[in-house]
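What follows is a set of notes on a single structure, which appears directly below.
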Amino acid sequence: MSTVAIDARDAFIEPLRGWGRYARELIGHLPPDLDTRVFEHNRSGPEVWFEQVTLPRALRREGAALVHTTNCFLPLRRPCPGVVTIHDLAFEDHRADFARTTGAKYRYFVPRAARGAERVICVSEFTAGDVVRRYGVAPDRIRVVPNAPSLPIGTAPLPDGEPYLLAVGDLRAKKNLERLVRAWGMLGTGHRLVLAGLGDPDGLPASVEVVGYVDDDRLDALMRGADVVVHPSLYEGFGLVVLEAMARGVPVAAADVTALPETGGDAAVYFDPLDPAAIARGIREALQARADLAARGRARAARFSWRRTADETAAVYRELL
C-alpha cells in the first residue's frame, strides 16, 4: 500500500491556532483505507531544517509515495510528489503582523512551495485566486477544499452580566479591532464588547473586555452567550470564526472582504470594514434580525463537515498516487 506522509506538527502545538485545528481535524477524519505516516513533532533543531532536510530524508527512508504539508512549508526538494495546503497569504498583505524572520520565511518558501507542488490545496476560492494572482500558479494544479467547524458545542454556563458582542481572533492589525471599538462606541445599545484572542491589548480602551486566549470550553460558552459575533477582519483566507458562530445559532456581522462573504454566504450581515459607521450599522442590523440569522446560520454551517474536507483531500492524494 502507498504511504501518504503528512506534516501535521501544528496539530500538536498549544495554543492551537486555526491551521492547527485544520491539521488535527484532517488527520482525524481521513478515510481508514489510506496508509498514512503522520509527523507530529520536530526533534531535529530549527523548523526550516526539519522541513527542508529532515523531512525529505525521512520520506526517502520510509519510501513515502506522497507528502502533504498542512501549512505552507513543503520541502522544495523531495523524493515523491507533494501537496501543500495554503490557508491564506496574509504574510504578503499584512506584513507588519508578522515578526521579521517569520514573515521572511513565509515570503521565501511559500511561493516556491506553491509553484513546485504537484497539487496546492486552498481553503477558499479567494485564497486560490490570491495564489494564482501573486505567484502565477496554474489554476489546474489548485484544488479548493473548505474548512469546517471544529470547536465542540458544550454545555458550560454562559457568561454572566449584561448582553455583549464578541470578536474572536489575534489582536493584530489585520483583525481591525480599533475600528470595531470605534463602531461599538457609536452603537448606543448598551452591549459590552468582549475580545478573545492572543495579543497585546495596549491601546484599547479599558471599557473593552479583553479576555485573552481561552480554552475551547470557555470560547464555546462565550460564543453561545453573545448576541452577535462580529468579525471585522481586513483579510481572511477562510474565516472559521464565522462558521463556529453560525453552528451555534449566533448571528454574525462580518467584513465584506476577502473570503468572509464566501464562507458566510447569505447567512450573515456584511459591512465595509474601513468605515466604523458601517460596522455599527451592520451590528444593529444583525441584532434586529437575530432569529432569521440564527436559522440561516445553522443551515449554512451544516453544509460544512470535516468528513467532507477529509474525503476531498483524500481525493487529491489519489490523483497523484
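Beta carbons closer than 6 Å, at least 6 apart along the sequence or on distinct chains, pair a first residue in the stretch 1-29 that is modelled with pLDDT under 90 with a second that is outside any helix (DSSP H, G or I) for Met1/Asp35; Pro15/Tyr213. Has the stretch 188-196 got any residue that is assigned to a loop (DSSP other than H, G, I, E, B), assigned by TED's automatic domain parsing to the domain that holds Ala255, over 30 Å from Pro81 (Cα atoms) and touching a helix residue (DSSP H, G or I) at 6+ places or on another chain (Cβ under 8 Å)? Scanning the stretch 188-196, I find at least one residue that is assigned to a loop (DSSP other than H, G, I, E, B), assigned by TED's automatic domain parsing to the domain that holds Ala255, over 30 Å from Pro81 (Cα atoms) and touching a helix residue (DSSP H, G or I) at 6+ places or on another chain (Cβ under 8 Å), so the answer is yes.
The single residue among Val252, Val208, Val229, Val257 that is over 14 Å from the mean Cα position of the chain (by Cα), farther than 24 Å from Ala294 by Cα and either modelled with pLDDT of 95 or more or among the β-branched types (Val, Ile, Thr) (or both) turns out to be Val208. Taking the criterion of being over 19 Å from the mean Cα position of the chain (by Cα) and either more than 21 Å from Arg182 (Cα to Cα) or exposed (fewer than 14 other Cβ atoms within 10 Å of the Cβ) (or both), the residues of the stretch 262-278 that qualify are Asp266, Leu274, Ala277.
Yes/no per residue for (1) touching a residue at least 24 places away in the same chain (Cβ under 8 Å); (2) in the same structural domain as Thr309 (by TED's automatic domain parsing); (3) under 22 Å from the mean Cα position of the chain (by Cα):
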residue	(1), (2), (3)
Cys122	yes, yes, yes
Pro157	yes, no, no
Lys175	yes, no, yes
Asp200	yes, no, yes
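Counted as qualifying within the stretch 44-126 are the helices (runs of 4 or more DSSP H) with 1 or more residues that are at pLDDT 95 or above and polar (S, T, N, Q), namely 100-116. Restricting Pro31, Pro56 to residues that are farther than 30 Å from Glu244 by Cβ and not assigned by TED's automatic domain parsing to the domain that holds Leu219 narrows the list to Pro56. Screening Asp227, Asp217 for residues that are in contact with a Gly (Cβ under 6 Å, 6 or more places away or on another chain), surrounded by fewer than 23 Cβ atoms within 10 Å (Cβ to Cβ) and not assigned by TED's automatic domain parsing to the domain that holds Cys122 leaves exactly one candidate, Asp217.
The values are calculated or read from the model by the stated rules, or taken from the named source; none is laboratory data. Predicted model only: the values in this text are computed from it and were never measured. All Cβ positions, even for glycine, are placed from backbone atoms using ideal geometry, and neighbour counts span all protein chains on display.
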